[in-house]
Amino acid sequence: MSTERKLRIVHCFRSPVGGIFRHVRDLVGAQSAAGHEVGILCDSTTGSEFEDRLFEAIRPQLALGLTRIPMRRAVTPADIATLGRTFLEMRRMRPDVLHAHGAKGGAHSRIIGTAMRVSGRRVARLYCPHGGSIHFDPASMQGRLYLGLERLLERMTDRLIFVSQYEADGYREKVGSPHCPTSLVYNGVSPEEFIPVETEKDAADFLYIGMMRDLKGPDVFLEALAFLREARGRTVSAHFVGDGPDKPAYLKQIARLGLERQVNVHDAMPARAAFAKAHVVVVPSRAESMPYVVLEAIAAGKPVVATRVGGMPEIFLDERDALVEPGNREALANAMLATLDDAARSSSAALRSQSLRARFSLETMARDMERAYRETIAL
């Protein structure tokens, strides 16, 4: 890391769950270890006991503190009060760098960063969509609203950070060519995550782990399990791990499809603990940017079945033809069965892990992010 002056960095995002939270925790750890003072501002109404434990683990690294305030996903009149409180908290933390993640966190922090500049505090305003608004259909009313807001907020942005080329291309296509500098910084995983995970003796066939929301495709995963039983005559087992707003609907779907004996449902848990519970990890997403769960599973030496969305092809490279059409339960089921029955799946997964190590490391991510910070401050 750089030997230049240490920075005061605040990460602002809405929901402390899933890949964005993982990304921020990794940056907090690396930046704190490099001597920077780091803080977090995020929503107080989402997350579970699992996320509370994750916050406690990184609290000693947060020299600028952890601030949690209500921050709703949708645009509402309550955002005005949230902006006021956020401004007071940001002014207290006096950041050199305000790093926003996701659409809602990006809106709040860039407005606040601009207000801080007006009040005399020069702060670098960086924004990473992490997919976010880029997933919207530009032809829909909601898409026009959110993508229009992205274009407007770009005027308050000093640098855009993209975690995949897909995300960068999607921004240009749906929002427009950026008027500010941009950086491509891939997500990274730590050296410890490349230690292979040993599969439990009584492991299930498949694992879904992730946010319980339709965007991530857990409903397609459940439909694929039912298809294997009904159309292929294979009754397979699975673990279904995670929390999220649509989880009650998936529990009803499990009952409706008669999957109660095949599927074990769990609350959120550490990814590597979940990986040990199954032979094959399935990522059935309808949309992604650069999903951590895929990087984590590959690094751990797990066979992975994934959909052809977002930055997935940037991970799989020469194997991208093996990726599955999103939302297609039959295609997903066939790929799951082919992987489960592949006698060479373990050796193939080990080779994929070795390839990943050179391209998606935590050290590279932290180095490239600090370079982006310092180049932005110097503008």
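Do we have A81 as in a helix (DSSP H, G or I) and exposed (fewer than 13 other Cβ atoms within 10 Å of the Cβ) here? Considered against the rule, which asks whether it is in a helix (DSSP H, G or I) and exposed (fewer than 13 other Cβ atoms within 10 Å of the Cβ), A81 comes out as yes. Reported count of residues in the stretch 123-158, each being touching a residue at least 12 places away in the same chain (Cβ under 8 Å) and not in a helix (DSSP H, G or I), is 13.
For the stretch 106-162, taking the residues that are under 21 Å from A74 (Cβ atoms) and of a type in the set (V, I, T), the one that is surrounded by the fewest Cβ atoms within 10 Å (Cβ to Cβ) is identified as I111. Scanning the stretch 53-69 for residues that are surrounded by 14 or more Cβ atoms within 10 Å (Cβ to Cβ) and assigned to a helix (DSSP H, G or I) yields L54, F55, I58, Q61.
To keep it simple, each residue is scored yes or no on (1) out of contact with any Gly (no Cβ under 9 Å at 6 or more places or on another chain); (2) at pLDDT 95 or above.
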{"site": "L83", "(1), (2)": "yes, no"}
{"site": "A100", "(1), (2)": "no, yes"}
{"site": "G106", "(1), (2)": "no, no"}
{"site": "G143", "(1), (2)": "yes, no"}
{"site": "E150", "(1), (2)": "no, no"}
{"site": "D158", "(1), (2)": "no, yes"}
{"site": "I161", "(1), (2)": "yes, yes"}
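Among the residues of the stretch 238-267, the one identified as part of a helix (DSSP H, G or I) and within 22 Å of R53 (Cα to Cα) is K247.
Restricting attention to the stretch 86-105, the residues that are loosely packed, with under 15 Cβ neighbours inside 10 Å and part of a helix (DSSP H, G or I) total 3. For R72, state whether it is in a helix (DSSP H, G or I) and either touching a His at 6+ places or on another chain (Cβ under 6 Å) or more than 10 Å from V10 (Cα to Cα) (or both). No; evaluated as a whole, the condition is false for this residue. Here is the figure for the stretch 256-300: residues that are in contact with a Pro (Cβ under 9 Å, 6 or more places away or on another chain), farther than 24 Å from L228 by Cα and surrounded by fewer than 22 Cβ atoms within 10 Å (Cβ to Cβ) total 0.
The values are calculated or read from the model by the stated rules, or taken from the named source; none is laboratory data. Quick caveat, the model's predicted, so the values are computed rather than measured. In this analysis, Cβ positions are derived from the backbone assuming ideal geometry, glycine residues included, and neighbour counts consider all displayed protein chains.
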